[in-house]
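Heads up: the structure comes next, in structure tokens.
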Amino acid sequence: MKDKDKDKDKDKDKGKGKGKGKSAGKAKGAAKNFGRAWNVETVAGFFDTEVPTLIKEHNDLASRTKAVLHVDVAGEGQWTLDLSGEQPSARRGLHGDPTRTIRLSPDQLLKALRGQLDPGRFERFRDFPMFPLDREEVFAPIEKVSQLLMLGLGGTVVKIDHMQNNPALDGKWWSYIEFNPLLGLENRGLDVPIPERGLGWYGDLASVLTGGWYVVDRVRLLVNNLRTTIDRNTTTVTLEPGTLVIDVAFESNKPTLRGEGRAYLVWFFGIPVGWQDAALPDLHISDFRVQVRVTPYITDDGKIAVEDIGVKFSGHLHTDAITSHFEADVRQAIESAFEKNLDTDEMRRALAQATDKILRNSRASQQPEIASWSWLEIDSSGIAATGLFDT
């Protein structure tokens, strides 16, 4: 292969990868078309000073736009851009019936205006019109995101249990998820096998702790009715750059993990007696929390999708001389079990649809309907996106 061809392939690969989708692939090129950067200190300064100047400079183009735009910049103010007549104007407050209502994140808007952000969603912000009529900037603040997510997730029950504590789902599943009906997902049993491991030389110590009665060659920990109901008492929703974070608190019977060892009677010729509770100390976990990390992105066909769902476990393990030696294994096993049962095609589709609904419900008006998305970004203040209309 020629070097030039290799370079082309490298360039193609730069736009690939999960979470990048259509908008990330376009962002760099879009920045070149932005044209002008404003030296503005505040959002209010931009709309009170720069926008009227733009309208005056481009009066003919503005008057041909034939639109009334309501602009709502979260926490900063509201403005009306009346471009419907021969004398277009910009003023504070929302006046008249809008052709479009545009919600913007102040931080992202300022960065884009100052040329500090690749403005993929502002790619048509050239001389004027500032807010093109084939798209709408949508902003869902964190409060709205949390409210709507809790509406969809609230009441969902998660239970993991090897000890067969009631209740059981459909009379047969001791570990299960029972979803809020609003999610449109079927309740299902969870596949949580009981993890086993060898003890190595710690088996001698385990034998001593049983009074020398048993020899132990393998151990396992059984989950003892670990459960939660998602609501505002157990669940918080926060946002990090690019990621939606759902943090859920669990409770359990005490101990959280019942220890058992596969034991053999020392004084009776090593006769196997199976799994014995006395052969391994129990392990309780306080402040048991699972953090579910969701990263939405825009696909090439303008849909919202979700990358692999990540899981992070936190909690205090009350260990002893034996259980302290496999604390890291316990933490990894917990994360693996949750990730295996949550990171499914079904869950990813449901969370992608939830993100789409959150953005759509954050619009001031549901008409015209957004046909697809071209850009999406998450920071601690909320989720911002660009919706495209059919034209």
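Taking 25 °C and 0.890 mPa s as the conditions, I'd like the Stokes-Einstein D for the range 352-391 in µm²/s, using the Kirkwood hydrodynamic radius from alpha carbon pairs.
This corresponds to a translational diffusion coefficient of 227 µm²/s.
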Fill in: Calculated FRET efficiency for the pair residue 182/residue 336, C-beta based, R₀ 22 Å, to 0.05
0.15
Fill in: C-alpha center-to-center spacing [the range 141-183, the range 311-383] in angstrom
14
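Could you sort 325-334, 136-145 so that the peptide with the highest average Cβ count within 10 Å comes first and the rest follow in order? Display every interim value, and only then the final one.
Working: 325-334: 16.2, 136-145: 20.8.
Descending packing order for the listed peptides: 136-145, 325-334.
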Discussion item. Filter 144/357; 172/340; 144/303; 66/111; 312/340 down to the pairs with a C-alpha to C-alpha distance above 18 Å, please.
Written reply: 172/340; 144/303; 66/111
Worksheet entry | Sites residue 390 and residue 49 - FRET efficiency at Förster radius 41 Å, r taken between beta-carbons, to 0.05 | 0.70
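In µm²/s, what is D for the range 237-391 at 4 °C and 1.567 mPa s, where D = kT/(6 pi eta Rh) by Stokes-Einstein and Rh is the Kirkwood radius from Cα pairs?
On the way: Rh = 19.1 Å.
Rounded to a whole number, D works out at 68 µm²/s.
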Practice prompt. Round to the nearest 10 and report in Å² the accessible area of residue 162, as given by a 1.4 Å probe over the protein chains' heavy atoms.
Written response: 40
Discussion item. Once R0 is set to 25 Å, what does the formula 1/(1 + (r/R0)^6) return for the Cβ-Cβ distance between residue 286 and residue 232, expressed as a FRET efficiency to the nearest 0.05?
Written reply: 0.75
Worksheet item: Which length gain, in nm to one decimal place, applies between residue 328 and residue 86 when the Cα-Cα distance is subtracted from 0.36 nm times their residue separation?
Response: 80.0 nm
Worksheet item: Peptides 155-161, 313-319: what's the order by average Cβ count within 10 Å, highest mean first?
Response: 155-161, 313-319
Worksheet item: If packing is taken as the mean number of other Cβ atoms within 10 Å per residue, what is the order of 341-348, 180-187, highest first?
Response: 341-348, 180-187
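The values are calculated or read from the model by the stated rules, or taken from the named source; none is laboratory data. In this text, all values refer to a predicted model and were calculated from it rather than measured experimentally. Because the Cβ atoms are built from the backbone with ideal geometry, glycine has one as well, and the counts that use them run over all protein chains shown. The protein model used for the area step is the full one, side chains on, heavy atoms only, and it has no ligands, DNA or RNA in it. Shrake-Rupley method; radii C 1.70, N 1.55, O 1.52, S 1.80 Å.
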